[in-house]
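Read the structure below first, then the notes.
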Amino acid sequence: MILVILAAVAVAALMLLRWRGLILLSHEAAPDQWEVFGVDVSSYQGEVDWSVLAEQGVEFAFIKATEGSTLQDRQFRSNWEGAQAAGVRPGAYHFLSYDSPGETQAENFIDQVPVTQGALPPVVDIEFYGSYLEDPPEKEHVHAILDPLLERLEEHYGVKPILYVTYRSYYRYLAGEGYGDYPIWCSSLTVFPLMPRWDFWQYSHTARLDGYTGSQQQIDLNIFRGSREQFDRFGLG
């Protein structure tokens, strides 16, 4: 009997979370429980028809601009301009490298991304790659790269950058380390981010939408945690 009751409580809890939009399915675009829906893209999505994405409810897009100190995404310019033309609010993101100074990474991003009225704040993507998946760099090493990068981007764009995190990168490098003033974009598949605060939620890596022709047929889905009015003011000082 106790097991039946516990199972019923668990089902009810899951239904409540689902009803409130705190559980989102991987294919679920523009979920009704949230006011503002978006995607993130890179050259892997190839040529993007932004008007087609907008017709599917996409209102914002994080667009890959740079990686490390030298790499620049070849589709960034067309994506940046195409999103704006379709009425999709753009934001540019930088994939953090643990192998070059933050100062040169900042200049790479600044060289690629114009100061654009109404754009979302710049994003620094903090995750693991290559050998760092098994052997993550030390916290002090990451901070020595991240801090000057964030400082330079804030100085140039006039707004605090957004930090894209996984649970692993957030709790290893950011939690309790003085980054509390930075907006957070968290990757948490299906279930809402289980961390003290967040502003954007990347809930799917495996969705399929119409409107792009790249080798990667899947696209990441995101929502903004707040109202449309709050989103319109977000990052504008």
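Values quoted throughout were computed directly from the atomic coordinates according to the rules given, and no laboratory measurement underlies them. Predicted, not measured: the structure shown is a model, and the values here were computed from it. Cβ atoms come from the backbone with ideal geometry, glycine included; neighbour counts cover every protein chain shown.
Springs between Cα atoms under 10 Å define the GNM used for the chain, and in it the highest mean-square fluctuation of D220, D49, D40 occurs at D49. Sites listed here are GluC sites (Glu not before Pro) in the stretch 130-237 whose DSSP assignment is loop and whose Cβ has at most 14 other Cβ atoms within 10 Å: E134, E138, E177. Checking (1) 29, 23, 17; (2) 27, 20, 18; (3) 38, 19, 17 against semi-axes √(5λ) of the Cα gyration tensor in Å calculated from these atoms, the matching label is (1).
Per DSSP H run of at least 4 residues, take -39500 (n - 2.57); add these up for the chain, divide by its residues and hand me the 222 nm value, nearest 500 deg cm²/dmol. Don't skip to the answer; put the middle values down first.
Working: 6 runs with 70 residues, N = 237.
Result for the chain, helices only: -9000 deg cm²/dmol.
For S131 and E229, what is the calculated FRET efficiency with R₀ set at 45 Å and r taken between the beta-carbons, to the nearest 0.05? With R0 = 45 Å, the Cβ-Cβ based efficiency is 0.50.
Using R0 = 35 Å, the C-beta based FRET efficiency linking H205 and E155 works out to 0.60. Output the relative contact order of the stretch 82-192, whole-number percent, from Cα pairs under 8 angstrom with separation of 6+ residues. RCO, the stretch 82-192: 28 percent.
How much length is gained if the chain between Q84 and E177 is pulled fully straight, taking 0.36 nm per residue apart and subtracting their Cα-Cα distance, in nm to one decimal?
Working: separation 93, 0.36 × 93 = 33.48 nm, distance 3.53 nm.
Stretched fully, the Q84-E177 segment lengthens by 29.9 nm.
Determine the percent antiparallel among the DSSP beta bridges restricted to the chain, to the nearest 5.
Values: 13 of 37 bridges.
Looking only at bridges with both residues in the chain, the antiparallel portion is about 35 percent.
Which residues among the stretch 133-152 fall inside the zone where the amide N is under 13 Å from a point 7 Å beyond the Cα of D99, along Cα→Cβ? Within reach of a label on D99, which here means backbone N under 13 Å from a point 7 Å along Cα→Cβ, the stretch 133-152 contributes 133.
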